[in-house]
Each structure stands twice: as C-alpha cells, then as structure tokens.
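Visitor: There's a structure below that I have some questions on.
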Amino acid sequence: MLYDAIKKLVQYGINTGITPESERIYTTNLLLDLFHEDNYEDVDCDLNNLVLEDILAELLDIAAERGIIENSIGYRDLFDTKLMNTLMPRPSQIQQTFWEKYKVSPETATDYYYKLSQDSDYIRRYRIAKDRKWTVDTKYGTLDITINLSKPEKDPKAIAAAGKAKSSSYPKCQLCMENEGYAGRLDHPARENHRIIPITIQDNPWGFQYSPYVYYNEHCIVFNGQHVPMKIDRNAFEKLFDFIKLFPHYFLGSNADLPIVGGSILSHDHFQGGNYTFAMAKAPIIEHFTVKGYEDVTAGIVKWPLSVIRLQSKEVKPLIDLAEHILNAWRSYTDEDAFIFAETDGTPHNTITPIARKRGDLYELDLTLRNNITTEEHPLGVYHPHAKLHHIKKENIGLIEVMGLAVLPARLKGEMELLKDYILTGKDIRSNEQIAKHADWVDEFLPNYTSITEENVEEILQQEVGKVFCEVLEDAGVYKCNEKFIKVAEFMITIGYYNTQILIDFINYSKSTVGIELMLSDFIKYESPCCIGLYKDNNACSDGIVGIVFNRSYLYKDVNNLRVRSINELFRQVLCYFTYKGVALRYNGILSNFRLFEITIPFRLAEKFRRFRFIYFVRANYFKQEHLNKLKYKINRRKKHDKV
C-alpha cells in the first residue's frame, strides 16, 4: 500500500512538471525516508487520473497508523506539506524559470507561477473548491459573495498541544521571507512546499507570492522583505505603481493602516492584488472634477457604497502627487455634522484604502476614505458593520470587501441550511439558538416573496445575504454615495490647499503681545472657497494694522501658546507650530521693508469647527487701491461673526 501511494505521488509530480523524470528515483527515496522505510518495491498500479487529495489522504493514513504523526488535521497538514516538498524544485530554480518566462511576457510568468503554486499543493485546490460562491446584483453593480470553507477548523487536540508548546517568534509573522521552506508548527502553517519570487520595489527587496486561500483569481500578496509595519503614505502609492509597472495585468491594493478598518496583519508592510476585475473597478464615475495644479489627472467620485475617489493619468507621478494631496487633506479632515473626526485625544482616525491598476494606457488609483472612530453605541466602529448586520458579517471590512467581495464566516453554511428547513416548514427560528440571531432578518424579507419553495429558497437566501453585504459596505462608507459627498470631496480636494501671502512690517510692528482672538464666521458652504481674507482689526493698537483670517481652523487648545513679544519669536513659533501641523511655510526673500512669506494651508485649517483669526501686523497703506477694494469686498461678504 505504501509503495503504491509513493509511486502515484512521484508520478503526479512528473505529470505536473514540478518533478523532472530524471529525479524519479531521488524523489522516491526522499519519500521513503519520511516513512522510515528502508525497502521499496516497484509495484504495478493505475497511474491514470491521479487525484492528489486521494493520494495524500492515503499516505497520511499510513503515517498515522505507523505512529509518525497524530491523526488530526493540524498534524496531517504539517506532514503532507513535507511530503509535497520532496517533489519541489529548489527556490533558485523556480526563480530562474519565472524570470525567463517573464522575458516572454509578465502574463506567461505569472501563469507558470500560479499553476506551480497549485500543483505544489501550497494552494489546496480541493479545499478552495469547497468555498460557497455566488453573485448578487445591486444598484452599485454585481457583488461577489463567498463563504470561506478553505481554512480548516483546528481540532481540540491541536489547540491544546499548541498551548503547551514552547513559544517561538520565528518567523515573526506569516508574511516574512523566512516562511519559505519552513516546516511549520501547530500554531504556524507549514510552508515547506512554498516558493517566493523576489522582486524589487522602490529599490528594496520584496516578495511576490500567491495567497494559499485564493479568494479570487490569482490572488497574490506582495510583501516587504523586512518586517516593518504598514503605512499609507506617498511611498505606499509609489510601491503600488512599481508593482503595476512590473505586472500591468494585475491590480494591487493595500489595506488601511489603522485598526478596525485595516487588515489582519498590520505589523508587516504588504499589499494584495491579482488578475480579477471587481465590481468596484467596474463602477462608473458619477461626478468628474479637476484639481488646480493637477490638470493632467482626471478625478471623480465613484458610484460605490463606500466613499471612493478615482484618479486617472497617463503618467504615474502627477497621479501620486494628487493622491498624496488627498491623503494629507483627509488625514486632517473633520466634519462634526457627519461625525467624522480626524483625531480624538491624539488618536488618529482617518486613513485611506488605495487600489492601483492600469486600464489601457491610463494608470488608475482608487482612494477609499476610511475612519475607525468608535462610540459606546458602536464599539467596533461607527464606519463598520452595525450590530443589526452582525448575524451575517461582523468582521473587519478590509481591502477585499472594499472592492466588492464578501468573505463570510464558515458558520453561515450550516446556518443557511438550517434556515432553509425552518423557513420551508414554518418552524420558529427563534427556538433554535444557532439561528435565532437571523430571526428578525428573515421576518423582514419573507413578506417580499409570494412563493418560497424548496427549489428557490436557497437562491432567495443567497440574494438576501448579498443585500446585507451591500448594507455592510454602506455602513463602512464615511459619506453616502450622494450629492453631499460629491460636494465635500470637491471642496476637500480642490479647496484643500490655498496659497496667500503674509506681509510683516518691521517698522510699525508693535512691541506689545501679538493678539490672537477666536472668531467664528458663518462660512459653511462647501462650494465656497476657504474664507481666508484680509480685514481691519479694530482692536489693534494702530490704525494701520490689517489681519489675515484663517477660517475654520483645526488649531485649537494650544492657540494661546502662540502669544509672543517679538517679531523673531513670532516667526519662530509660527514656523515651528505650522510645520508641526503639516503646513509648509516658505521664505521668499525681502520685499521693501517687509519679509514676504508664502504659506500653503491644508484643509485642516479650513474645517467647519474650531476656527480662529490670527493677527499679523502689516501697513495698511502698503496695499494699492485695487487691493483695498478687494479687501473691502471680502469684509462686506462676512455678514455675521459669532465670537467664541
């Protein structure tokens, strides 16, 4: 029986191409050693229609019978990976073949590597096939739904043994390079049959591999060669497009870099991609706009349940420039009316889930706005599936879900089977503890169907699950896909940065403390420019003093710390403070007896609440008549002032 199974496994390796014919004897001897067998007989057996799952199951049963392994799924998975490794080429051989095929085309290389990853049983086809998959049409497009059954449940023995085992920090996580060839343990998957393709991203070593659970076609993972945490910034955008240039037939995206809205492994910098077109990528732009200074980039709002801004350009650099601009604007954006806070008690909440791809001649980047704030009512997150939807989906909404693929827990398979029976027989769903959580949901949708039969009940349940997932995505959206989000997005991006000049008069500067007074304007319209203008300060010590208004500011508690008694101290504090807040002050030289500065004001200085006016001293008669006329116009526009 053992000889028969070994011969079949070796023949499988030869048939798939992972084992050359010249290594038949060598591979057979490696397998014999794993079974502590000193003898071998070349028995006759049927080598047609070989099924890997059946061959491995037979070998694992023999190993358990001989006491080589315990007969539990954890130990079986560790040992069958060891068996498959005997068929595999060395990593350098696979790398060489990959890059030779890459010279033909990137598609040829990835086709080879994807097939290899399946033939090696690193991707267990027979488990992936157990996943339940279907699609649901919604107003946003066709969403993909899957119930994940490919991850086996650990048995109690394995859990107990893992708890008693000596803890190990090698590899540091499941995304580290050190996983290649690692034998694994009960609390860390075996990767002896795993091979990584090294690539270069931003002149640094990175790894390219496929996910062993392939939630979609050619589901790949691109990970940093160093164990460093994820971070969404300009570098992240550049890394995405470095990969897209290497493999233009793939998309690549990143989970957000904050808990709740991020992925499961935030400790290791990585991306996920693949050769699949999600519903989000197919979703149309419902409103286009152009950002001043970025005219080469097309920007628009995507028709999607989450808040998504799509950028397109023939060149990567201007696209990344605008993406960085939007990221910086969103990081500091607060809208209390919409319950969006950039931070609370120093904890940041705003981040972005980016997805990059190439569409024809255009590079494309989708930026999904995320916020992870929590409340007592929503302890798992305000922009997270709300409690009434937890019976279907309670887990985080990561990159894959953002794009339109629901990865639902395995428990739903059994629960849906029970629900079918209870619905058809009219049983009380609340009487069964396992499915009672679905009762209110079933009560809501049942009246919408005039006839529910054994033939259509499964389809009905699948469609209703899909509708719940659509609601899940809407809960994760910081703004609903409507006119308000369009206005907010355009305002945040196009008016997010505003340039003006600050003129300081060294001659008439008063030695008294510079005044800072909180003032609230009634400027709240999104379509208006930032309310930044010059005005006469009636409380100042000189009639010739004009101030500059920074309206809707995010500077709050420490404003009083900017009180100074000298012009040098003023600029020292202003420069340090604004630099700390992410604002760029640039010294432009000396003009007459004024020093001229240009200040770039990001959106954090244009928020709806916490606004103030910051008085700078300048000579009013410096301005020409045309400037004064503009000044009067701006003053007259502000009809109401609410002092804080």
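The values are calculated or read from the model by the stated rules, or taken from the named source; none is laboratory data. Please read these numbers as outputs of a predicted model, since none were measured by experiment. Note: ideal-geometry Cβ built from the backbone for every residue, glycine included; neighbour counts use all protein chains shown. Only protein heavy atoms, including side chains, enter the accessible area calculation; ligands, DNA and RNA are left aside. Shrake-Rupley method; radii C 1.70, N 1.55, O 1.52, S 1.80 Å.
Visitor: What are the pairs, 6+ residues apart or on separate chains, where a residue within region 296-320 that is more than 29 Å from Thr138 (Cβ to Cβ) has its Cβ under 8 Å from a residue that is part of a helix (DSSP H, G or I) and among the basic types (Lys, Arg)?
Guide: Cβ pairs passing all conditions: Val316/Lys245; Ile320/Arg234.
Visitor: Now for a separate question. Output the residue which, of all residues in region 92-130 that are over 21 Å from Tyr12 (Cβ atoms) and in contact (Cβ under 8 Å) with a residue 24 or more places away in the chain, is surrounded by the most Cβ atoms within 10 Å (Cβ to Cβ).
Guide: Across region 92-130, the extreme among qualifying residues is Thr110.
Visitor: Within region 42-57, work out how many residues are open to solvent by 50 Å² or more (accessible area, probe 1.4 Å) and either at pLDDT 95 or above or assigned to a helix (DSSP H, G or I) (or both).
Guide: Matching residues across region 42-57 total 3.
Visitor: I've got another one for you. Give the residues of region 280-315 that are within 29 Å of Gln202 (Cβ to Cβ), open to solvent by 20 Å² or more (accessible area, probe 1.4 Å) and in a helix (DSSP H, G or I), sorted by residue number.
Guide: Listed by number, the list is empty, since nothing qualifies.
Visitor: Let me ask something else about it. Does at least one position in region 405-413 carry a residue that is over 17 Å from Val478 (Cα atoms), without any contact (Cβ under 8 Å) to a residue 24 or more places away in the chain and open to solvent by less than 40 Å² (accessible area, probe 1.4 Å)?
Guide: Looking for residues that are over 17 Å from Val478 (Cα atoms), without any contact (Cβ under 8 Å) to a residue 24 or more places away in the chain and open to solvent by less than 40 Å² (accessible area, probe 1.4 Å), one finds none in region 405-413, hence no.
Visitor: Report yes if Val472 is in contact with a helix residue (DSSP H, G or I) (Cβ under 7 Å, 6 or more places away or on another chain), surrounded by 16 or more Cβ atoms within 10 Å (Cβ to Cβ) and part of a helix (DSSP H, G or I), otherwise no.
Guide: Considered against the rule, which asks whether it is in contact with a helix residue (DSSP H, G or I) (Cβ under 7 Å, 6 or more places away or on another chain), surrounded by 16 or more Cβ atoms within 10 Å (Cβ to Cβ) and part of a helix (DSSP H, G or I), Val472 comes out as yes.
Visitor: Please identify the pairs in which a residue from region 336-363 that is open to solvent by 10 Å² or more (accessible area, probe 1.4 Å) has its Cβ atom under 6 Å from the Cβ atom of a residue that is hydrophobic (A, V, I, L, M, F, W, C), counting only partners at least 6 apart or on another chain.
Guide: These pairs meet every condition: Glu336/Phe609; Phe341/Ile373; His349/Phe341; His349/Ile373; Arg357/Phe251; Lys358/Ile244; Tyr363/Val316; Tyr363/Leu319.
Visitor: Output the residue which, of all residues in region 190-205 that are free of Cβ contacts under 8 Å to residues at least 60 places away in the same chain and in contact with a helix residue (DSSP H, G or I) (Cβ under 7 Å, 6 or more places away or on another chain), is most open to solvent (accessible area, probe 1.4 Å).
Guide: For region 190-205, the residue satisfying everything is Gln202.
Visitor: Hey, among the residues in region 261-279 that are among the aromatic types (Phe, Trp, Tyr) and assigned to a loop (DSSP other than H, G, I, E, B), which one's nearest to Ile221 (Cα to Cα)?
Guide: Filtering region 261-279 for residues that are among the aromatic types (Phe, Trp, Tyr) and assigned to a loop (DSSP other than H, G, I, E, B), the one nearest to Ile221 (Cα to Cα) comes out as Tyr276.
Visitor: Does region 429-441 hold any residues that are of a type outside the set (D, E, K, R) and farther than 17 Å from Ala387 by Cβ, and which are they?
Guide: Across region 429-441, the qualifying residues are Ile429, Ser431, Asn432, Gln434, Ile435.
Visitor: Also, quick follow-up: Considering every residue within region 322-329, establish whether at least one is closer than 30 Å to Gln174 by Cβ, open to solvent by less than 50 Å² (accessible area, probe 1.4 Å) and either touching a Leu at 6+ places or on another chain (Cβ under 6 Å) or in contact (Cβ under 8 Å) with a residue 24 or more places away in the chain (or both).
Guide: yes
Visitor: What are the residues in region 389-439 that are part of a loop (DSSP other than H, G, I, E, B), touching a helix residue (DSSP H, G or I) at 6+ places or on another chain (Cβ under 7 Å) and among the aliphatic types (A, V, I, L, M), if any?
Guide: Listed by number, the residues that qualify are Ile392, Ile397, Met403, Ile435.
Visitor: Okay, next question. Which residues, taken from region 376-388, are in contact (Cβ under 8 Å) with a residue 24 or more places away in the chain and in a loop (DSSP other than H, G, I, E, B)?
Guide: The answer is Leu380, Gly381, Val382, Tyr383, His384, Pro385, His386.
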